[in-house]
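Inspection log for the structure reproduced underneath, given as structure tokens.
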Amino acid sequence: MSYSKFARLTVCSAALALSAHAAFAEVDANDVWDTWQDDLKMYGKGISVGEVTQSGDTLTISTLSIDLTDENNLSTLKGEIGPLILTSQDDGTVDVDMPSILEFTLEGQDFGDNSLKFIVSLTGQTMTASGTPGEITYDYAADKYSITIVQDRASEEDQNITLGLVLNNVTGTYLRQGSQTMGTSTASTTNATLLTYIFGFEDMGERFDISGQINGLSAITSTELPANYDAMSSDIDQLKQVRTAFELTTTKSTTVIDYATAIEGAGNTILSTNGGTTRFELVDGVFAYDDLSNDVSIEATAPGMPFTVGASAEQLGFGLGMPFVQSETPQAIALSTDIIGLDLDPNIWGFIDPTDALPHDPLTLAFNLEGTGRLVVDLDDEEAMNATLESGKSPFELQTLSLTSFLFSALGAELKGAGDFTFDNNDLVTFDGFPAPEGRIELLAIGVNGLLDKLSALPLGMDEQIMGARMMLGMFTTVTGDDELTSSIEIEKTGAISVNGQRMR
């Protein structure tokens, strides 16, 4: 089963279960129900409504029956939500009450004779809706939200999979505007004091367990959907019109990984952070993702390893931005990595440098690439994609690329750099199928000769390699200070390459 198909069905279940408190409500119970029905249109005939009754200020929907099948009829999500009770209050708000236990089942060809059951538990939950028709604000809270996923195995030989997730002390708000025929926008903020999770996998003597907790969560989301949005369709033209953003911040987290193999034995890994931020954005056909964790530490034992090894880092980060739909004009692209202050424990250094001849400074690798490019075909257009690849062309055209910052430091030496390049996609000959680049990069190296001196004193049998490295430095760098070297690499439009003004091609 593809990730996208599974994700659509799973997101539907989560949206209808945990977010029912955040997608349904208004000033008057009947107006609330009208809004719900408008939102449910995006699921087509996959959701049917049971009996709806009115008694005074209270409106009761007996059930919402779910039967959602993906476009290729490979997977189906089934379940029921109900009763749902909407009660108009004297202060112009609406109280929403829903069951404390919800169950959904995911089955189909992708699962063979097996199925997955989602059990959602809502403990101590409350929700109040206020506002006006077309612009509704929901305030919600709960002592606990939990999701348990249980696999219904057809036989004892099948894999045993368990998954559980619990959110404690949840509070938040949700704003919904617009209509299904005109387009909708939503914005929400959710806070929780603690998230705990477990994942278990067992098969034929192999065992893999993950458990952990995240403290102090705060999630902010916003989404704009086009008119008549179809939640069950993966149409790329529809996706082009979706705008969504998500940001999750945490104060602390700990993950424990236990595993066992039938042959090698058992192992254990503990990963902890002192908080971090994750961001995701989908706007105008461009995807962007950024993740940053602070004060990261890891300790691990493995089969046959006589002691624990570990490492720590001040920061670990990764960023990626790229277009995901075809465009006639260049779109923004980006790639970044931040490994700041990576420190290895003495057990690891004992293997790398048993004589303590090298500086044991923390390692840093940080760079940021920015540029522009475009997809010449949509990613979901298989025929056009294959035709492009068979013609020898790339489905992605790189237009510009800038190395805005680069820093690598380790073992008492460091390398810095920055540069800018443009690319000619009409010239795929000069560089053997790659768009011809034009531009310059400037490099600065500090402490490299001192590091080579220390390496040459070690009994590594690398004298020839170190001598070759010194010769390369002499040929392609310029001395500008005490163990400080610079290098300027330029690529001309003609394909000529020079280093410090010396023609190399």
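A few notes on this one:
- Applied to the stretch 277-284, the Karplus parametrisation 6.51 cos²θ - 1.76 cosθ + 1.60 on θ = phi - 60° returns per-residue 3J(HN,Hα) values of 9, 10, 10, 9, 8, 10, 9, 6 Hz, with x for Gly and Pro.
- The relative contact order of the chain comes to 6 percent, based on Cα pairs under 8 Å that sit 6 or more residues apart.
- Amide hydrogen neighbours beyond the local backbone of residue 418, cut-off 5 Å, H modeled: 442
- Kirkwood hydrodynamic radius (C-alpha pairs) into Stokes-Einstein, the stretch 258-323, 4 °C and 1.567 mPa s, D in µm²/s: 90
- Annotation: per residue accessible area for the chain equals 52 Å², rounded to a whole number [probe 1.4 Å, protein chains only].
- At 1.002 mPa s and 20 °C, Stokes D of the stretch 196-256 from Kirkwood alpha-carbon radius, µm² per second: 139
- Annotation: amide H of residue 275 within the under-5 Å range of 252, 253, 294, sequence separation 5 or more or interchain, hydrogens built in the peptide plane.
- Anisotropy class of the stretch 248-292 from Cα gyration tensor, a/c 1.5 cut: oblate
- Bridging of residue 240 to lysines at a Cα separation below 22 Å is possible for 5, 41, once same-chain residues fewer than 8 apart are set aside.
- log10 of Debye I(q)/I(0), alpha-carbon scatterers only, for the chain at 0.10, 0.11 Å⁻¹: -1.04, -1.17
- Globularity index of the stretch 411-493 is 1.42 (Cα radius of gyration / 2.2 N^0.38 Å, N = number of residues).
- In plain terms, the bigger the Kirkwood radius, the slower the diffusion; for the stretch 50-204, with that radius from Cα pairs, at 25 °C and 0.890 mPa s, Stokes-Einstein puts D at 135 µm²/s.
- Each principal axis of the Cα cloud of the stretch 236-361 was taken in turn, and the coordinate range along them, longest first, works out to 58, 40, 29 Å.
- Nonlocal amide H pairs with residue 378, under 5 Å, H built at 1.01 Å: 326
- Kirkwood hydrodynamic radius of the stretch 83-148, Cα pairs, Å: 14.3
- Entry note, the stretch 325-436: relative contact order of 26 percent, from Cα contacts under 8 Å with a spacing of 6+ residues.
- Each principal axis of the Cα cloud of the stretch 346-494 was taken in turn, and the coordinate range along them, longest first, works out to 59, 37, 28 Å.
- From phi via Karplus (6.51, -1.76, 1.60), per-residue ³J(HN,Hα) for the stretch 169-178 in Hz, x at Gly/Pro: 6, 8, 9, x, 9, 9, 10, 10, 10, x
- The Cα atoms of the stretch 140-262 define a convex hull whose projected area, averaged across directions, is 10.6 nm².
- In straight-distance terms, cross-link reach from residue 416 covers every one of the aspartates and glutamates whose alpha-carbon lies under 12 Å from its own, apart from those fewer than eight places away in the same chain; here that gives 442, 484.
The values are calculated or read from the model by the stated rules, or taken from the named source; none is laboratory data. Quantities reported herein were computed from a predicted structural model and do not represent experimental measurements. Accessible surface is based on the protein model in full, side chains and every heavy atom, while ligands, DNA and RNA are left aside. Shrake-Rupley method; radii C 1.70, N 1.55, O 1.52, S 1.80 Å.
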